[in-house]
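Everything below concerns the one structure shown next.
Here, each number is a calculation from the coordinates, and none is a lab measurement. The structure displayed is predicted, hence computed values, not measured ones. With ideal geometry, Cβ positions are generated from the backbone for all residues, glycine too; neighbour counts draw on all protein chains shown.
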Amino acid sequence: MKVAEALKVMDAGWVKKKKGYRVYFETVSGDTCTPDMMPGEKDPPLTSDVVAWRSAWKLTQASHPENPQLDGAQLVNITVVDDEGKPVPYYATGSYKIFNRREA
Amino acid sequence: MEQQLFPNLDRYQAILHQYGFDLIRALAFLVIGLILMKLIARGVHTLLGKTPIRPATSATVVNVVKALLLLVVLVTAATEAGLDTRMVFRSLLVVTLAAVALIMLFRPYIPSLPFKPGNTIKTGEWLGKVEATTMINTRMRTFDGKTVFIPNSKILNDFVVNYQWTPNRRIKVDVFIGYDQDLTKAKQTLEALMIADPRVVAAPRPVVYVLNLKPGYIELGGRAWVDNKDYWTVRCELIEKAKFAFDRAGIKFANNKLDIHRYDGEAAYGPHSDGQWESETWPEEMRLMDQKESEVPS
């Protein structure tokens, strides 16, 4: 096997490079629950998981009934996903984390 | 008398009578044209400022618009002054072509600034982003918000680091681990961390070196290449993530420490095992210090 071929094998099978990250959350208003992402799926994703997790935490802190921007709604099940929409482990702990967890 | 003082007065009067109105009109066209040119250029600059176009590109567009408007104003004013339009146009064309030819010919010999507006540079003691350059000075904004005007002559005579001359920069993530830690695991952890970051470029690949075996710790050097614009944030985030990743992998960072070894033998200076001091064995300066202290009145 040539070095270049071995490198391709490593790239495909060892550490996968993500293309970006998004903050996933669900907006609960009354009986309706609407999934959403920040940035939206049509916008380019965040390139930093640190920023994504920080944003997720800030959204969690801002999700309370007194927030006029939310108009009574609540943001639940806040987590970070990759460009394919799969959950990403929290870089600080290495395990999956969901803020404001609410069972469906 | 007047004829003696001003022999050409009649001739001037005749010229003014014939062309005076045209000249005044041409002058008015020139002044109004220049004012309009400035207003239009400012408008274009404001308009482009609202678009995502980069400031450097925007400045170039504004300069081109200015040059074209200036050409139009000059030709109009000259025509109004009674000059032949074709002749004026040809003259301006010849002057422009001559200027371009001269610039192209002597360009290698003209000292130019080694950066463009928008570049991050370091010159002398100043580090910041170039906002604009003129014939006299360069306006730079430092990262703590100061605006510095640096004379171009000073820049040309000093060293300049242009951080955007090349598209990428190398990040150094140096970590220190103890000799009792798993070196291979530490290397793998750091390398995987750098590879996984989307902003770290695939080629050249991230590498981890064992830089030094120092007294008390092993120095590991992670090296990864990123785009210039991402340099600072990626560097800081990789350091943060390295801390967490090493914690998870159970690898402990080296701390500054001082090993103290106990020696139970006879001291060279100081009290003997019976508690008595042997002053004869003390160095001369210690004896003098003792003497001085005893002389201080209580």
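For this structure, a couple of remarks:
- Each residue of the stretch A:46-54 was assigned a 3J(HN,Hα) from its phi angle through the Karplus expression (A = 6.51, B = -1.76, C = 1.60, θ = phi - 60°), giving 6, 8, 10, 6, 4, 5, 4, 5, 5 Hz with x at Gly and Pro.
- Over all pairs of different C-alpha atoms, the stretch B:192-247 has a mean inverse distance whose reciprocal, the Kirkwood radius, equals 12.2 Å.
- The GNM of chain A, with springs linking C-alpha atoms under 10 angstrom apart, assigns the highest mean-square fluctuation among A:A73, A:A62, A:A12 to A:A12.
- Compared with the dominant Cα axis of chain A, that is its longest principal axis, helix A:3-13 is turned about 20°.
- Label-point separation, B:V72 to A:V51 (7 Å along Cα→Cβ), nm: 4.1
- By other beta-carbon atoms within 10 Å, ranking B:I171, B:I53 with the fewest at the front produces B:I53, B:I171.
- Candidates B:H45, B:H17, B:H261, ranked by Gaussian network fluctuation over chain B, Cα under 10 Å, top entry: B:H261
- Here's the picture: charge each Lys and Arg Cβ at +1 and each Asp and Glu Cβ at -1 in the protein assembly as shown, and of B:N256, B:A67, A:Y91 the one pushed furthest to the positive end of that dipole is B:A67.
- Extending 7 Å from Cα along the Cβ direction at B:S112 and again at B:S153 yields two label points whose distance is 2.3 nm.
- All-pairs Cα distance distribution in the stretch B:1-160, expressed in whole percent, bin size 5 Å: 1, 7, 10, 11, 13, 13, 12, 9, 7, 6, 4, 3, 2, 1, 0
- Intensity falloff of the stretch A:18-104 expressed as log10 I(q)/I(0), Debye formula with alpha-carbon point scatterers, at q = 0.15, 0.17, 0.26 Å⁻¹: -0.52, -0.67, -1.34
- Calculated [222 nm] ellipticity per residue, helices only, for chain A: -7500 deg cm²/dmol; basis is -39500 (n - 2.57) per DSSP H run with n ≥ 4, divided by all residues, nearest 500.
- Summed over all non-identical Cα pairs, the Kirkwood treatment of the protein assembly as shown gives a radius of 30.1 Å.
- Dipole magnitude for the stretch B:10-109: computed about the Cα centre from +1 point charges on Lys and Arg Cβ and -1 point charges on Asp and Glu Cβ, it is near 500 debye.
- Residues A:R101 and B:I260, FRET efficiency given R0 of 56 Å [Cβ-Cβ distance, rounded to 0.05]: 0.65
- Backbone amide hydrogens, once placed in the peptide plane, bring A:D83 within less than 5 Å of A:K19, A:G20, excluding anything fewer than 5 places away on its chain.
- The relative contact order of chain B comes to 11 percent, based on Cα pairs under 8 Å that sit 6 or more residues apart.
- Short-range pairs are left out: with C-alpha atoms under 8 Å and at least six residues apart, the relative contact order of chain A is 28 percent.
- Theoretical ellipticity at 222 nm over chain B - DSSP helices of four or more residues, -39500 (n - 2.57) apiece, nearest 500: -16000 deg cm²/dmol
- Ranked B:I251, B:I136, B:I121, criterion: other C-beta atoms within 10 Å, fewest first: B:I136, B:I251, B:I121
- Exposure proxy for B:F143, A:F99: other Cβ atoms within 10 Å of each Cβ, ordered fewest to most, give B:F143, A:F99.
- Neighbour-limited loop hits for GluC sites (Glu not before Pro), the stretch B:187-247 (at most 12 other Cβ within 10 Å; DSSP other than H, G, I, E, B): none
- For chain B, built as a Gaussian network whose Cα springs stay under 10 Å, the top-fluctuating residue of B:M194, B:M140, B:M104: B:M104
- Cut-off under 5 Å, modelled amide H: who pairs with B:I218 long-range: B:I177, B:G178, B:Y179
- When the P(r) of chain B is calculated, the portion above 26 Å amounts to 73% of the C-alpha pairs.
- Listed residues B:T147, B:V160, B:T133: farthest to the positive end of the dipole of chain B (Cβ charges): B:T133
- Kirkwood Rh, Cα atoms: Rg over Rh of the stretch B:120-162: 0.92
- Lys, Arg +1 and Asp, Glu -1 on Cβ, resulting dipole of the stretch B:137-263 about Cα centre, debye, nearest 20: 220
- The string of couplings for the stretch A:66-72 from the Karplus curve (6.51, -1.76, 1.60, θ = phi - 60°) is 7, 6, x, 5, 8, 6, x Hz, one whole number per residue in order, with x for Gly and Pro.
- Spin-label model, B:V94/A:T27: points 7 Å from Cα along the beta carbon direction are separated by 7.0 nm.
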